[in-house]
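Written below as structure tokens is the structure these notes are about.
A short reminder: the numbers here are calculations on the coordinates, not readings from a lab. The structure presented is a predicted model; accordingly, all values stated were derived computationally and were not measured. Cβ sites come from the backbone with ideal geometry, for glycine too, and all protein chains shown count toward neighbours.
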Amino acid sequence: MTKKTLNQNGKYVQKLIDMIEPDFSFNHKPINRVNSPNNDLNKKHVKTKQLSQLENEINSIENCNLKKNSKNLVLGDGNIDSSIMLIGEAPNEIEDKSGLPFKGEGGNLLDKMLSAINLSRDKIYLTYSINYRPPQDRKPTSNEIKRYSFFLKQHISIIDPKIIILMGATAMQAITNISGKISTERGKWREIIIKNKIFPLIITYSPSYLLRFNEYKKYSWEDLKKIKKKIQDLNISI
């Protein structure tokens with residue numbers, strides 16, 4: 001006669017199931033993994049790393065007179081997760097010393113312009129088309145603009161904004177290849193494609209230009225109102 005072996009483990013497993021089964025609850029609502037805090041933190045970490053890599057790439061440029069004559073590389077400032085990216089022309093002496101964009105009188109005027117449509121620089125992302133100061137604050141050459149536009153387009157792809165604001169002729173040429181007058185190109189919404197993604201953009205006057213030619217501020221105000229409307233139309237939260 002064969003002795004039957006008892007499965008003691010089976011008793012323990014059943015006992016464990018009996019203990020925990022009544023506490024199970026089910027929810028058919030899908031888990032929102034896209035907007036989870038951990039996912040947002042991970043995206044920010046990736047962006048920060050990509051911006052650091054971009055800065056290293058720009059800093060490794062060789063045979064560049066702009067770099068040789070500058071004190072600092074000016075990459076960007078503001079909220080890297082913003083839906084609005086504002087691109088200016090090139091650093092001046094004050095910005096070259098600080099390493100930050102839109103300082104001095106031009107920066108003060110920009111703050112007023114942004115405030116007029118309920119924006120602030122800490123809520124958007126700011127950068128320049130050229131990352132080094134041109135000697136004597138001269139206008140960048142076409143070759144310089146073309147050289148740095150490669151990095152600028154990478155910059156846009158990293159920030160991934162919903163709206164791009166181009167301030168000044170250098171920014172306009174760097175992104176759109178238009179080398180005409182701002183007066184004929186400003187205030188129109190356009191689209192550019194970078195890495196198979198479409199970005200809406202608008203061209204307007206730079207603060208430094210408006211400081212020299214006050215009569216153009218009325219046109220700048222018209223452009224700002226269009227930007228405000230676009231923010232509302234796209235339901236962008238600032």
Classify the range 68-233 as rounded, prolate or oblate, taking a ≥ b ≥ c as the square roots of the eigenvalues of its Cα gyration tensor: rounded when a/c is under 1.5, otherwise prolate if a/b is larger than b/c and oblate if not.
rounded
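What is the range 47-90 by shape, rounded, prolate or oblate, if you read a ≥ b ≥ c off the alpha carbon gyration tensor as root eigenvalues and call it rounded for a/c under 1.5, prolate for a/b larger than b/c, and oblate otherwise? Don't skip to the answer; put the middle values down first.
Numbers: a/c = 2.98, a/b = 1.63, b/c = 1.83.
Oblate shape, in that a/c is at least 1.5 and b/c is the bigger or equal ratio.
I need the trypsin sites (Lys or Arg not before Pro) found in the range 77-168, filtered to DSSP loop residues with at most 13 other beta carbons within 10 Å of theirs. The partial results should precede the final answer.
On the way: sites: K97, K103, K112, R121, K123, R138, K146, R147, K153, K162; in loops: K103, R138, K162.
The qualifying sites are R138.
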Taking r as the C-beta separation of N39 and I178 and R0 as 41 Å, the FRET efficiency to the nearest 0.05 is 0.60
Backbone N under 19 Å from the V46 label point (7 Å along Cα→Cβ), restricted to the range 189-223
194-199
Cβ-based charge dipole, the range 68-233, positive-most Cα from I159, I194, Y209:
I194
How far apart, in nanometres, would the label points at N196 and N56 be if each is projected 7 angstrom from Cα along the Cα-to-Cβ direction?
2.7 nm
Rounded to the nearest 5, the percent of antiparallel DSSP beta bridges in the range 68-233 equals 45 percent
